[in-house]
Structure formats: C-alpha cells, structure tokens
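Below is one structure, written out as structure tokens; comments come after it.
All of the numbers you see were taken from the coordinates with simple rules; none came from a lab. All of these numbers come straight from a predicted model, not from anything done at the bench. Note that each Cβ is placed from the backbone with ideal geometry, even for glycine, and that neighbours are counted across all protein chains shown.
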Amino acid sequence: MSAEPTSFPVCRLGMNIGRILTLGVFLTASACAKPPQIPLGVGGGPGPASIALPTNLVELVAKADVQKGGALYVSKGCKACHTLTEAQLVGPGLRGVTTRRELTWVARMILRPDVMVKVDPEAKRLFQAMVAPMANQNVAAETELPAILAYLKSL
Ligand code: HEC
C-alpha cells in the first residue's frame with residue numbers, strides 16, 4: 001500500500017483543523033463586513049435653519065448636472081460609506097433618500113453632518129443607531145451640493 005502523506009491520520013487531523021480555521025476566519029470576516037441593518041429613516045422635517053442653504057436650492061437642483069453629482073459622489077468619498085441601493089454600509093443606503101426625507105434635510109445632512117448629529121433630533125437618532133458618524137466632506141453649498149442632490153434624486 002502506498003503511503004501518501006495525506007492518508008496518515010495525523011495529516012487528516014491537520015487538514016480538518018485547517019478547514020475549521022478557514023471557516024472561522026470566513027465567518028468572522030462576513031460578520032464584520034455586515035453591520036446590523038437598521039431600518040431606513042423617514043421624515044426629519046426641514047432640518048435646522050442654522051445650517052444655511054442657498055435660497056434657490058430647488059431651482060439649483062433642477063438645473064444641476066447629474067453626472068457631475070455622480071463624480072462628486074466618488075471624489076468626495078461618499079462611496080466609502082454609502083451604497084446606491086437601500087443596503088446599509090457605514091451609513092444608510094441612499095437610494096430613495098430624497099423621497100423618504102425632505103430635500104432640505106438631506107441637503108443639511110450633506111453640508112454639515114457634524115452639526116446635524118448635535119442639533120437635529122432625527123440625525124441624532126440615526127447617529128445613535130450607526131457604528132460611526134458621518135464626517136464632514138466639505139461640500140460647497142452653491143456649486144457642489146445641488147449636483148449631489150440631483151444625482152441622489154436620479155437613483
Ligand atoms: C465616514 C463615512 C461617511 C462618509 C464619507 C459619508 N457619509 Fe453620509 N452618512 C454616514 C453615516 C454614519 C450616516 C448616519 C448619520 C451619522 O451617523 O452621522 C450618514 C448619513 C447620510 C445621509 C442621511 C441618510 C438617511 O437615510 O437619512 C445622507 C443623505 C448622506 N449621509 C449623504 C452623504 C454624501 C452625499 C456623502 C458625500 C459627500 C456622504 N454622505 C459621506 C457616513 C458617511
């Protein structure tokens with residue numbers, strides 16, 4: 001009988017331990033990659049007036065370039081924390097956010113998330129449910145915000 005190394009009981013044990021370790025690493029990795037999914041938030045009202053918005057925001061969004069918004073979504077790093085579906089990553093999935101919430105609320109969240117989580121009750125609630133806060137992305141209110149909003153509306 002030819003003695004292949006893997007036919008020794010000790011080798012089989014080694015292989016099994018290897019499989020168990022691989023499975024363990026896999027399970028840990030998938031558990032870490034998927035944070036608990038929190039139901040998508042609705043409402044929130046207009047948001048605090050202390051975060052100034054362009055007075056003609058609706059008009060600016062209507063005229064804004066959706067493709068520019070998509071490019072800003074990537075260059076401003078939104079992609080690192082949000083999906084374009086309803087699936088949560090670090091923050092909530094963004095598809096439909098402009099219909100779930102008022103446009104001004106979404107605009108204020110994009111401009112000053114740091115202020116929103118301190119003064120706006122709905123943003124506070126959202127922040128408490130998430131693992132990490134949204135960082136300020138230095139979005140320009142007049143030139144960049146309308147394009148990002150137009151992009152989110154198009155999803
Ligand atoms: C570091 C991760 C991170 C980055 C980068 C980030 N966000 Fe967020 N975002 C979050 C988290 C987390 C929340 C939930 C509120 C909180 O915990 O601060 C959130 C909330 C939001 C909300 C409200 C979502 C809802 O369902 O109410 C919008 C809209 C949003 N982000 C848009 C953006 C846009 C646009 C960008 C890029 C300019 C961006 N975010 C960049 C993490 C991030």
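Data for the structure
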read-out: Residues of segment 53-81 with amide N under 15 Å of a point placed 7 Å along Cα→Cβ from ASN138; value: 75-78
read-out: J(HN,Hα) series, segment 60-68, from Karplus relation 6.51 cos²θ - 1.76 cosθ + 1.60, nearest Hz, glycine and proline x; value: 4, 5, 4, 8, 5, 8, 4, 5, 5
read-out: Neighbourhood charge, 13 Å Cβ-Cβ cut-off, centred on ASP114 and excluding it, Lys, Arg +1 and Asp, Glu -1; value: +3
read-out: Lysine-lysine proximity count for segment 57-154, Cα under 19 Å, sequence distance 8 or more or distinct chains; value: 6
read-out: Gyration tensor (alpha-carbon) shape descriptor, segment 86-155, a/c threshold 1.5; value: oblate
read-out: Charge dipole (segment 57-154, unit charges on Cβ, about Cα centre) - positive-most of LEU145, LEU60, LEU89; value: LEU89
